[in-house]
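Values in this text are rule-based calculations from the coordinates and carry no lab data. Everything quoted here is computed from the prediction, not taken from an experiment. Counting neighbours? That spans all protein chains shown, and the Cβs are built from the backbone with ideal geometry, glycine included.
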Amino acid sequence: MVDGVKAGCCAFETHVDFAEDGDIVPAAGVLYIATTGILPRYQGQGLGAVLKSWQVAYARRHGFQRMVTSSRASNAAMIALNGRFGFQIARRIEGYYTDPLEAAVVMEWTRSRPCRLNGDSASPLGSGTPR
Ligand SMILES: CC(C)(COP(=O)(O)OP(=O)(O)OC[C@H]1O[C@@H](n2cnc3c(N)ncnc32)[C@H](O)[C@@H]1OP(=O)(O)O)[C@@H](O)C(=O)NCCC(=O)NCCS
């Protein structure tokens, strides 16, 4: 919300993982980010980073060991944003998306990996409580 107006949203599924073939399967301790989006007129103002930071804080606060998410291979903004917050590319699933047909890039974040909560390399954050 920005000044009382919805600017974006995200959706989770708890305790599920993204299987090799792209199916969503039960998996204790894994938080699946089903979607993340900032409305076009609010993009490029840092709100995606705020939302991603909140996702990492949510996972830490609720004890999830991993987060997984996927995006179209062409979605450079989402892949870069995930990368800024410690997500790494796990694999690519060819032909996962349709209209248009495109590969999915699956990315994962692991709790034990050092994380930069605000995406700023000058602010390393270990495995402690989110600020
Ligand atoms: C991806 C998305 C959430 C980014 O939100 P945003 O508010 O525009 O992003 P921010 O302004 O916070 O930028 C944060 C970082 O995202 C990345 N980023 C944002 N726009 C980018 C672009 N056009 N190209 C490359 N990287 C980009 C960068 O790493 C950027 O950091 P920087 O500014 O230091 O380079 C937004 O573009 C979006 O909602 N896109 C449409 C929906 C979507 O594709 N969702 C993913 C599928 S589930």
Practice item. Starting from region 25-40, keep only residues that are within 22 Å of LYS6 (Cβ to Cβ), then list their pairs with residues that are among the polar types (S, T, N, Q) and in a strand (DSSP E or B) whose Cβ atoms are within a distance under 7 Å, requiring at least 6 positions of separation or different chains. Key: ILE33/THR69
Practice item. Kindly indicate whether any position in region 12-24 is touching a Gly at 6+ places or on another chain (Cβ under 8 Å), surrounded by 12 or more Cβ atoms within 10 Å (Cβ to Cβ) and farther than 15 Å from ALA104 by Cα. Key: yes
Practice item. May I ask you to verify whether ASP17 is assigned to a strand (DSSP E or B) and more than 11 Å from the ligand (Cβ to nearest atom)? Key: yes
Check your understanding: In region 25-54, what count of residues is obtained for those that are more than 11 Å from the ligand (Cβ to nearest atom) and over 14 Å from ARG66 (Cβ atoms)?
Key -> 1
Exercise for review: Look at LEU31 and say whether it is of a type outside the set (D, E, K, R) and in a strand (DSSP E or B).
Suggested key: yes
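Tell me which residues, restricted to region 57-107, are in contact with a helix residue (DSSP H, G or I) (Cβ under 9 Å, 6 or more places away or on another chain) and more than 12 Å from the ligand (Cβ to nearest atom).
Filtering region 57-107 down to residues in contact with a helix residue (DSSP H, G or I) (Cβ under 9 Å, 6 or more places away or on another chain) leaves 64-67, 69, 71-73, 77-78, 81-82, 84-89, 105, 107.
Hits for region 57-107 are PHE64, GLN65, ARG66, MET67, GLY86, GLN88, ILE89.
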Practice item. Output the number of the condition that ARG61 fails; it satisfies all remaining conditions of (1) exposed (fewer than 13 other Cβ atoms within 10 Å of the Cβ); (2) within 16 Å of the chain's Cα centre (by Cα); (3) free of Cβ contacts under 8 Å to residues at least 40 places away in the same chain. Key: (3)
Point to revise | All positions within region 63-99 that are part of a strand (DSSP E or B) and hydroxyl-bearing (Ser, Thr, Tyr) | key: THR69, SER70, SER71, TYR96, TYR97
Review point. Restricting attention to region 37-50, does a residue exist that is within 16 Å of HIS15 (Cβ to Cβ) and β-branched (Val, Ile, Thr)?
Key: no
